[in-house]
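Peer 1: One structure follows; several queries about it will come next.
Nothing in this text is a laboratory measurement; each read-out follows from the coordinates by a stated rule. This is a predicted model, so every value here is computed, not measured. Backbone-built Cβ (ideal geometry, glycine too); neighbour counts: all protein chains shown.
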Amino acid sequence: MSFLLNTNIICSRYSGERARYVLTLKLYDNMLSEALFSSIINHCTNPEVCDAEALSDIFDPILTQQRRSILQIPFWKNEDRFVSLIFDLLNRLLSVKLGNGRRPICDLLVNRPDFHVKTVTNHAGREFTDLSFLGAFFSYGLPFEERDAALCTKYFEGNVGSSPEAELMQMKNYQSRQQSIARKIHSIIHPLVVNGSTRTPILKWIATAIEKSEKRRQMRSELVKYGTHRFFFYLQSVLYDLSSKIELDKVNPKYPFQGNSLIDIKEKTRMKMMQKEAEEYEKQFMDVTAEEKFTTICFFLTMHCADITLPPALEKLRSIKRHLYELKERIESHKTAIENEPNPTDRRRKKMDMEYRSMIDSAKRINRIRLCYETYIKDPQYQELAIAFAHKQLSLLMAAVPLDFAQSALVSSLPEDAPELFRAYPEFYLEDLLNLYTYDIKNIYPLLAQNPEWAGHVMVLFCCMHFFNNPFLTAKLVEVLTLITTVVTGNAQLWMYVTSQPLARKFFVPALIKFYSEVETGVDFYEKFSIRRNIQVIFKSLWESYEYRSTIITLATECGQDFIRYSNMIINDATFLLDESLAGLKKIHDIEQLMDRRIEWETMNPEERQRKFEAMDEAKRNVRSWLFYANDTLELMLNLTQDAPAPFEKNVLGERLASMLNHNIKQLCGKNCIELKVKDAISRYHWNPKEFTRQVIDIYLNIATDKFAEFVAYDERTYTPQMMREVLDRIRNHQIVSANNAERFSNFIQKVESLYNAKAQEDEEWDDAPEEFKDSIMCSIMEDPVQLPSGQICDRKVISRHLLTTPQNPFNRQPLSESELVDVPELKERIRKWKAEKRAARMDTN
């Protein structure tokens, strides 16, 4: 029989090709005993009876046929039974082991020309995975590539737009099928790994697949050039399986820097090293060329594969969801436009209806693509393996950090910097973990809660934010901590573990306060509001703890520079967010009023009406976004002024807070407040003007001291006694606050009015002040003059307020700090005497 298998000589009944066909059928039907099959392979490898090409001549065509077969079976036909036959046959071939320990078919496979193909195009990642022998077996599964968009319509048909339960049922069915395929792929990779002579080739094949597609992780990368999502999800599942039994003490943490490494990190951004410093650090390991242990290579390949597997898929899923959301908004807007179209012609009505149906069809198609992505990403078996490995990966990183300080209740300071090993690691080693935790907290919290140690590590790294160069990495740490708060999850398990750590009790709150201010620079303007909102949520959860509330109040009472800057940023954010929110509401109000004036609306041409719809849609999006942030910022300010008002009684903050409150209370309760009235305000935008106004009034009352009354009275931008009396009338007439608070507010504004009148009289008397007494920025009479390094003289409160937001000299843009300000006591004394003389003259006149 071996003679027939090995040749194409035609005899009366058989040929070599026919014999191979029969052998394949016998293997498919499991009708060939292991002993007989092994003897055939043993015979083919025996140089005494067969030539050197015998094994290849017989089994290479069989291997090739299996590859061709798997490519011919589309996933949507649900012919998994035939696919299983192909995988089982391949596994059986690769598993045959001879008496000397060799696996001949494994050796044969890795020596095929198409095992480790050489790429020749600029689509090397896709070329390698598509043309290599093993790549074909990673291709059977649910499509979710851009090039497969048309195929996605063959899945989830009949469930698009139906109940989430129906979609979930379909998704579980697909996940079950793909889990089975992932196990089959593992069954063909495992023999190649355990076989000594093929272990290095298969690891190099995996490393090459990752290396040639590493740029798929980049923003806006052309995914068509690289291996598919499906390929890497399967490969990642295999690597997770192979790494599941690896213990960290068997992993060499310095492997990425060694000369024998299969991974390349030269161009990767490091935790806290610049390129040249990293190159210098790596030189000490470049002489290591001896072959590394499988455990180390496999562990780091798993980390690098994870970097190009889940993050790009999550990014694409977010893009799809965003597109779907915007499309649904357009559908609603288009529907409204159709309903409000006055006397449309048949032709225009038909065109609008066609556009509407087209958008509905697009939404269904995109929703199917979304479901395909989520089928992979939400696969429970994949996620369970991913989390288990992520915990190991985080432990590997933390092993490079001196953790003794984190466990001691007596710790007085944090390490000045991280060890070199930690600083030299690529930052994606941590970033990928945080992306995974961020996603999984929202979807499979109980699985993460089983092992809370990881959350403690995240808190330690956040408190040691100076271990990183990239503020976005710190922001991701904050996001993870936000998601485990009781405010978000309603579950205290992880949050209690984090807040009970010795390090957290001493450094968590100061770190939050510091980072809240630091995100003002170094991150995108709009991104900072998202980051700060996360910190606000954390503070809301900490506020529920007596211990942490006491810490916050103590820091506020001490009024250190970090807390002053933090409070200033809260005022900055509240000012911007409220201004943007109210401006957007006014725009929506104006367009809604225009639409209600039917005659005027109908006289506009279609293009003008369309522009109005688009402007209103944009305003709606902005209002929803800014109000979301504004509500949380105002709530944080309310808590701080209630329990920790000390910082807001200082000149540098009190004046700014008073100005912000005065401006917004005028908007909310002034003559033009009707302009903020919009339709479905609460359901569409979470806009509750009464509640908003109540919060602003409560902030006034929380710090209704004589000093703060001065700040309110001296606000030249907005405050007038008449304006504030109108506000009081409105809150009484509409019962916005309780009768008791209305009375308290009345008493407060009377005090403010008295101070305003007194100040007005002083301003008249001081109108002839010498120019040298006036501040160089505001031209107001100084109280505490200081000299800048550039020579100008300013009032301390004015320049300090400027430096809180912009640490630069306003006259030459050079860096400037408060420590560089020089007192001018002689000028201060002259100003004091001049004011005293003016007051005395007034008294004599009276």
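Peer 1: HN-Hα J couplings of region 316-321 from phi, Karplus 6.51/-1.76/1.60, θ = phi - 60°, integer Hz, Gly and Pro as x?
Peer 2: 5, 5, 4, 5, 5, 5
Peer 1: Continuing with the same structure: What's the percent breakdown of Cα-Cα distances in region 652-718 across 10 Å bins, shortest bin first?
Peer 2: 19, 46, 25, 10, 0
Peer 1: Now a separate question. Jot down the per residue volume, in cubic angstrom and as a whole number, of the convex hull over the alpha-carbon atoms of region 771-844.
Peer 2: Working: hull volume 6.2 nm³, N = 74.
Dividing the Cα hull volume of region 771-844 by its residue count gives 84 Å³.
Peer 1: I would also like to ask the following. Would you kindly calculate the translational diffusion coefficient of region 258-313, applying Stokes-Einstein with the Kirkwood radius from alpha carbon pairs, for 25 °C and a viscosity of 0.890 mPa s, and quote it in µm² s⁻¹ without decimals? Walk me through the numbers on the way to the answer.
Peer 2: Details: Rh = 12.8 Å.
Calculated translational D: 191 µm²/s.
Peer 1: For the residue pair K650 and V288, what label-to-label distance in nm results when each label sits 7 Å from Cα along the Cα-to-beta-carbon direction?
Peer 2: 5.0
Peer 1: Using R₀ = 22 Å, calculate the FRET efficiency as 1/(1 + (r/R₀)^6) where r is the Cβ-Cβ separation of R684 and I331; round to 0.05.
Peer 2: Numbers: r = 16 Å, r/R0 = 0.72.
Taking R0 as 22 Å, the efficiency between R684 and I331 is 0.90.
Peer 1: Also, quick follow-up: Which residue, chosen from H734, A841, L433, occupies the Cα position most advanced towards the positive end of the dipole of the chain, where the dipole is computed from +1 (Lys, Arg) and -1 (Asp, Glu) charges on Cβ about the Cα centre?
Peer 2: Of the candidates, L433 comes out farthest on the positive side.
Peer 1: Full extension from Q275 to R830: what is 0.36 nm times the residue separation minus their Cα-Cα distance, to one decimal in nm? Provide the component values of the computation, followed by the final result.
Peer 2: Working: separation 555, 0.36 × 555 = 199.80 nm, distance 5.67 nm.
Contour length minus the Cα-Cα distance gives 194.1 nm.
Peer 1: Also, I was wondering about something else. Place a point 7 Å from Cα of N252 in the direction of its Cβ. Which residues in region 364-399 have their backbone N less than 19 Å from it?
Peer 2: The answer is 396-397, 399.
Peer 1: If you place +1 on the Cβ of every Lys and Arg and -1 on the Cβ of every Asp and Glu, how big does the dipole about the Cα centre of region 771-844 come out, in debye to the nearest 20? Don't skip to the end; give the middle numbers.
Peer 2: Working: 13 positive and 13 negative charges, 56 e Å.
For region 771-844, the charge dipole is close to 260 debye.
Peer 1: Let me ask something additional. Give the cross-link partners of K293 among the aspartates and glutamates, using a straight C-alpha distance below 18 Å as the criterion and excluding same-chain residues fewer than 8 apart.
Peer 2: Within the straight-line limit of under 18 Å, K293 reaches these aspartates and glutamates: D241, E247, D249, D264.
Peer 1: Contour minus end-to-end for F525 and R732, with contour as 0.36 nm per residue of separation and end-to-end as the Cα-Cα distance?
Peer 2: Details: separation 207, 0.36 × 207 = 74.52 nm, distance 3.89 nm.
Extra length from F525 to R732 when fully extended: 70.6 nm.
Peer 1: How tilted is helix 739-765 with respect to the longest principal axis of the chain? Cα atoms for both, answer in degrees (0 to 90, nearest 10).
Peer 2: Tilt of helix 739-765: around 60 degrees.
Peer 1: In nanometres, what is the gap between the two model label sites at A166 and R318, each 7 Å from Cα along Cα-to-Cβ?
Peer 2: Going from the A166 label point to the R318 one covers 3.1 nm.
Peer 1: Something else: Let me know the Kirkwood hydrodynamic radius for region 457-526, please, with Cα pairs as the basis and the value in Å to one decimal.
Peer 2: Numbers: mean 1/r = 0.0789 Å⁻¹.
Computed over Cα pairs of region 457-526, the Kirkwood hydrodynamic radius comes out at 12.7 Å.
Peer 1: If you don't mind, there's one more thing I want to ask. What is the Rg over Rh value, at two decimals, for region 567-765, using alpha-carbon atoms and the Kirkwood definition of Rh? Let's see the in-between values first.
Peer 2: Working: Rg = 18.7 Å, Rh = 18.1 Å.
For region 567-765, the value is 1.03.
Peer 1: I need the shape label for region 697-747. Rule: rounded when a/c is under 1.5, else prolate if a/b > b/c, else oblate, with a, b, c from the alpha carbon gyration tensor.
Peer 2: On the way: a/c = 2.55, a/b = 1.34, b/c = 1.90.
Judged from the Cα gyration tensor, region 697-747 comes out oblate (a/c at least 1.5, b/c at or above a/b).
Peer 1: To continue, here is another question. Any chance you could run the full-extension gain for K364 through E384? It's 0.36 nm times the residue separation minus the Cα-Cα distance, nm to one decimal. Don't skip to the end; give the middle numbers.
Peer 2: On the way: separation 20, 0.36 × 20 = 7.20 nm, distance 3.04 nm.
The K364-E384 span can extend by a further 4.2 nm.
Peer 1: How are the C-alpha pair distances of the chain spread across 20 Å bins, as whole percents from the shortest bin up?
Peer 2: 12, 34, 31, 16, 6, 1, 0
Peer 1: Treating only the Cβ of Lys, Arg, Asp and Glu as charged (+1, +1, -1, -1), what charge dipole size does the chain show about its Cα centre? Round to the nearest 20 debye.
Peer 2: Working: 111 positive and 117 negative charges, 590 e Å.
With only Lys, Arg, Asp and Glu charged at Cβ, the dipole is about 2840 debye.
Peer 1: When the label point is put 7 Å from the Cα of S244 along its Cα-to-beta-carbon vector, which residues of region 310-341 have a backbone N closer than 20 Å?
Peer 2: Those under the cut-off are 310.
Peer 1: Project the alpha carbons of region 190-280 onto their principal axes and report the range along each, largest first, in whole Å.
Peer 2: The principal-axis extents, from largest down, are 41, 36, 22 Å.
Peer 1: For the pair Y546 and Q72, how long in nm is the line joining their label points, each one 7 Å along Cα→Cβ?
Peer 2: For the pair Y546/Q72, the computed spacing is 7.6 nm.
Peer 1: Using Cα positions and a limit of under 18 Å, work out the aspartates and glutamates in reach of K671, with same-chain residues fewer than 8 apart set aside.
Peer 2: Of all the aspartates and glutamates, those that pass the test against K671 - Cα under 18 Å, at least 8 places apart if same chain - are D579, D590, E726, D729.
Peer 1: Report, please, the projected area of region 536-610 averaged over directions, based on the convex hull of its C-alpha atoms, in nm².
Peer 2: Details: hull surface 31.9 nm².
Computed as one quarter of the Cα hull surface, the answer is 8.0 nm².
Peer 1: Can you check what the net charge comes to around Q642, using other residues whose Cβ is under 15 Å from the Cβ of Q642 (Lys, Arg +1; Asp, Glu -1)? If you can, show how the numbers build up before the last one.
Peer 2: Working: positive: K540, R549, R694, R744; negative: E544, E635, D643, E649, D698.
Cβ neighbours under 15 Å give a net charge of -1.
Peer 1: Please work out the Cα center distance from region 785-846 to region 548-585, rounded to the nearest Å.
Peer 2: Distance between centres, Cα-based: 25 Å.
Peer 1: A further question follows. Using +1 at the C-beta of Lys and Arg and -1 at the C-beta of Asp and Glu, which of S38, H663, Y356 has the Cα lying farthest in the positive direction of the dipole of the chain?
Peer 2: It is S38, whose Cα lies furthest towards the positive end.
Peer 1: Could you state the orientation-averaged shadow area of the convex hull built on the Cα atoms of region 99-234, in nm² to one decimal? Kindly include the intermediate steps, with their values, before the conclusion.
Peer 2: Values: hull surface 40.7 nm².
Computed as one quarter of the Cα hull surface, the answer is 10.2 nm².
Peer 1: Working from the alpha-carbon coordinates of region 396-535, get Rg over Rh, Rh being the Kirkwood radius. Walk me through the intermediate numbers first.
Peer 2: Working: Rg = 14.4 Å, Rh = 15.5 Å.
The Rg/Rh ratio comes out at 0.93.
Peer 1: Below 22 Å, Cα to Cα, which lysines can K77 reach? Residues fewer than 8 away in the same chain don't count.
Peer 2: Qualifying lysines at Cα under 22 Å: K154, K172, K184, K364.
Peer 1: Quick check: Cα centre of region 217-239 to Cα centre of region 425-484, how many Å?
Peer 2: Using only Cα atoms, the two centres lie 23 Å from each other.
Peer 1: Moving on. Among the lysines in region 771-844, how many pairs, 8 or more places apart or on different chains, have alpha carbons under 15 Å apart? Intermediate values should be presented prior to the final figure.
Peer 2: Details: K774/K797; K774/K828; K774/K833; K774/K835; K797/K828.
Going through region 771-844 pair by pair, I get 5.
Peer 1: A further question follows. Which FRET efficiency value, to the nearest 0.05, is calculated for R220 and T603 with the Förster distance at 45 angstrom and r the Cβ-Cβ distance? Write out the running numbers ahead of the final one.
Peer 2: Values: r = 44 Å, r/R0 = 0.99.
For R220 and T603, the calculated efficiency is 0.50.
Peer 1: Another question about this same structure. Using a simple charge model, +1 on the beta-carbon of Lys and Arg, -1 on the beta-carbon of Asp and Glu, nothing else, what dipole does region 1-233 show about its Cα centre, in debye to the nearest 20?
Peer 2: 340
Peer 1: Okay, moving on. What residue among P419, V712, L131 has its Cα farthest toward the positive end of the dipole of the chain, where the charges are +1 on Lys, Arg and -1 on Asp, Glu, each on the Cβ?
Peer 2: Towards the positive end, the residue furthest out is L131.
Peer 1: Still on this model: Does region 1-233 classify as rounded, prolate or oblate by the C-alpha gyration tensor (a ≥ b ≥ c root eigenvalues; a/c under 1.5 gives rounded; else a/b over b/c gives prolate, otherwise oblate)? Working shown, then result.
Peer 2: Working: a/c = 2.27, a/b = 1.63, b/c = 1.40.
It comes out prolate by the Cα gyration axes.
Peer 1: If you don't mind, another one. In vacuum, with every alpha carbon of region 482-584 counted as one equal point scatterer, what does the Debye formula give for log10 I(q)/I(0) at q = 0.18 Å⁻¹? Two decimals, please.
Peer 2: -0.94
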